[in-house]
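Working notes for the structure below.
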Amino acid sequence: MNGNRKKGKKQAATDNSVVNVLLQEEVRKKVEKIQADLKSCTWRDLETRGKFDKNTKISFISDDMLILGCDIGSDTHYARAIDSRGRELSRDAFEFSNSSEGFQSMKAWALELAAINNKQQIVLGLEPTGHYWFVATAWMVANGISVVQVNPYAVKQTKELEDNSQLKDDRKDPKVIANLVKDGNYGMPYLPEGLYAELRSLSRLRDQLTEDRIRSINRLHREMKIYFPEYKDAFGKVDGAFTMEILKKAPFPEDILKLGKEGLRNIWREAKLRGRGYSKANQIVRYARTSVGLKEGLDGARETVRWFAEEAMRLQEKLDEIEETLHQKCKEIPYAVNILEISGIGDDILSGILADMGDIARFDDVKEVQKISGLGLVACSSGKHKGETKISHRGRKRLRYWLFMAARSAVSHAEEFKALHEYYTTRTENPLKKMQSLIVIACKILRIIYAILRTGTKYDPAKMLKDIKRPQKAAKAA
C-alpha cells in the first residue's frame, strides 16, 4: 500500500516536472519572439509626427504593452511592472545595478513577464533625477525598450494614491511611476545628439569654468581686503591683465613700495602688456604708501593671492578657448547666423540659447519651448478671486537665463526693442513693470528665434514691430 502511494507521488512529481519543462520551453520561445519584435520609440518617432498631446500619449500605451516603472538611483535601480489596466504583474520590486549586467538582467526579467502575460512591447517610465538616468535611458532605447519620463513633482503629489500613506521609498515609487505612465502623464526624454550634444557639453563646461573663476576672484578679494584695503581704488579694474600681473608678484603695499613705479612697469613689460595701464603706476604707489592693511602673515597671504590670481587667469584663457569653439559650432546649425542680425544678441547669448534648447525639430509649437524654459504663464484663479499671472519657473533655468539676457541686451542695443520696452512700461492700459516687460520681450525673442530656425527667414525689425498693433497706433497719434 505504502509502495503504491510512493509510486503515485513519484509519478505526479515526474508529470509536474514534465509540465514545468514544457511551460519553460513555451515561455522561452515567446521570449525569443518578443525580443525579435521589440522596437523602441523615441521623441523622433512620436513628437515629430504632430502634436503629442494627452490623448496621443494614452493611445501609445496599448493593451499589449508591459509598463515598467523604475526608480533611478546612483548605483542601484528598482523596477515594477503593471499592465494597461494598472494590475501589478511583478511580485515585488526588481533590483538591478547600473551596469551592463544589471541592465541585461532587468531586460531578461521584463521579457519573461511579457511572455507570461502575453505582452508584445515594453515601455519603461522613470524620473529624470540628476544625471543618473542618462546611461539607463540610452541602453534601454538601444535594446528595444521605449523610455518615457514622469515629472518628479507628479510622483510626489500622487504617492498617497497608492496606499494612502506618505511613505516614499525605492520600492513604492516604481509602481507610482508606472501608473502615471499608464494614465498618459509622461513626456519623451531628450538626450542631445551630434552637434547639439557637443553644444550642451561645452555650454555646461563654460558655466562651470565661469563659476570657478568667480569663486577664485572672490577669494582673492578677501585676502586683498585684509592686507591692502585700498586695492580697488589703486588698481582700477581688479581682474584686468595689468592688475593680475602685479597680484602674482607684488600684491601688497610692502611689495609695491620696494619695487616702486619703475619696478611695476617692468613687470608689465615682461608680460608684454600694452595700453594705458602704465600710467597707473604712480597711483598704485601712492595708495600703497598710505595703506592701513595688516602687516602680519604676509608670506602666507601673498602665496594665497598669487595662487588665486594665476588660477583666475588660467580659467579665463580656457574660457576664451571654449567660447570660441562654441561660437564656431553654433554657426554650423542651419540658419543660426540669421539670429545674430538681432542687435544685442551676440555669439555668447546665441550659444547659450541653442545649447539648452536643443534640436528645434522636437517642438511642434513655440509655446512648448516657452513652457520648457519656465516662461509659461500661470495663474491661480477661483470664483471671484483672480490670482496674479506669473511665469512658472519650471523647466530649464539656463535657457530661461539666456533668454532673459537676450531681452536685456536687445533692449539696450536694438532701437526696435527699446521702443517696445518703453511702450510696455508706459502704456495707459495695463502698464508693465520693467521686469515684466523684459520677460514679455524674452518670449518675443524666443518666437523670433523659433521662426528663424524653422523657416530660415531673415530677421526684419519693421516686421517685428508690425505684429504689435497698439504701438503703431500710438505712434501715429503722437
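When the trypsin sites (Lys or Arg not before Pro) in region 123-231 are filtered for DSSP coil states and for at most 14 other beta-carbon atoms within 10 Å of their beta-carbon, the remaining sites are Lys168, Arg171.
A cut-off of 5 Å between modelled amide H atoms, ignoring neighbours fewer than 5 places along the same chain, links Val147 with Cys41, Leu124. Taking the Cα atoms of region 196-330, the ratio Rg/Rh between the radius of gyration and the Kirkwood radius comes to 1.06.
Note on Lys466 and Arg87: with the Förster distance fixed at 60 Å, the Cβ-Cβ geometry gives a FRET efficiency of about 0.55. Computed from the C-beta positions of Ala361 and Lys272, the FRET efficiency with R₀ = 45 Å rounds to 0.40.
Take the Cα radius of gyration of the chain and divide it by 2.2 N^0.38 Å, N being the number of residues; the result is 1.38. Take 425-432, 259-266, 347-354 and order them by the average number of nearby Cβ atoms within 10 Å per residue, most first; the result is 347-354, 259-266, 425-432.
Computed on the chain, with alpha-carbon pairs under 8 angstrom and 6+ residues apart, the relative contact order is 12 percent. Along region 91-97 the Karplus relation, 6.51 cos²θ - 1.76 cosθ + 1.60 evaluated at θ = phi - 60°, assigns HN-Hα couplings of 5, 8, 5, 8, 9, 8, 8 Hz to successive residues, with x for each Gly and Pro. Between the helical axis of 194-227 and the dominant principal axis of the chain, each derived from Cα atoms, what acute angle in degrees is found, rounded to the nearest 10? Once rounded, the angle reads 50 degrees.
Between Ile116 and Thr455, residue separation times 0.36 nm minus the direct Cα-Cα distance comes to 117.1 nm.
The slack between Arg28 and Asp53, meaning 0.36 nm per residue of separation minus the straight C-alpha distance, is 5.3 nm. Phi angles across region 26-31 convert, under the Karplus curve 6.51 cos²θ - 1.76 cosθ + 1.60 with θ = phi - 60°, into 3J(HN,Hα) values of 5, 4, 4, 5, 5, 4 Hz, Gly and Pro given as x.
Note on region 162-264: Lys pairs 8 or more places apart or on different chains, Cα atoms under 17 Å apart, count 9. Count Lys and Arg as plus one, Asp and Glu as minus one, and take only other residues whose Cβ is under 15 Å from that of Thr304; the net charge is then +1.
Beta bridges assigned by DSSP with both partners in the chain are antiparallel in approximately 60 percent of cases. Residue-wise HN-Hα couplings along region 231-243, as the Karplus relation 6.51 cos²θ - 1.76 cosθ + 1.60 with θ = phi - 60° gives them from phi, are 4, 5, 5, 6, 8, x, 6, 5, 9, x, 4, 5, 5 Hz; Gly and Pro carry x.
Using a simple spin-label model with pseudo-atoms 7 Å out from Cα toward Cβ, Glu198 and Glu310 lie 3.4 nm apart. With 0.36 nm allotted per residue and the present C-alpha distance subtracted, the Asp347-Trp109 stretch has 80.8 nm of extension available. One Cα centroid belongs to region 80-138, the other to region 306-348; the line between them spans 42 Å. Working from label points 7 Å from Cα in the Cα-to-Cβ sense, the Glu254 to Arg215 distance is 3.0 nm. In the structure shown, the pairs Lys367/Lys458; Lys39/Lys107; Lys418/Lys466; Lys51/Lys329; Lys418/Lys444 are assessed against 19 Å; a Cα-Cα span above that value is assigned to Lys367/Lys458; Lys51/Lys329.
We did not get these values from a lab; they are worked out from the coordinates using the rules stated. It should be emphasised that the depicted structure is a prediction, and the values quoted were computed from it without experimental measurement. For neighbour counting, all protein chains shown are included, and Cβ atoms are generated from backbone atoms with ideal geometry for every residue, glycine included.
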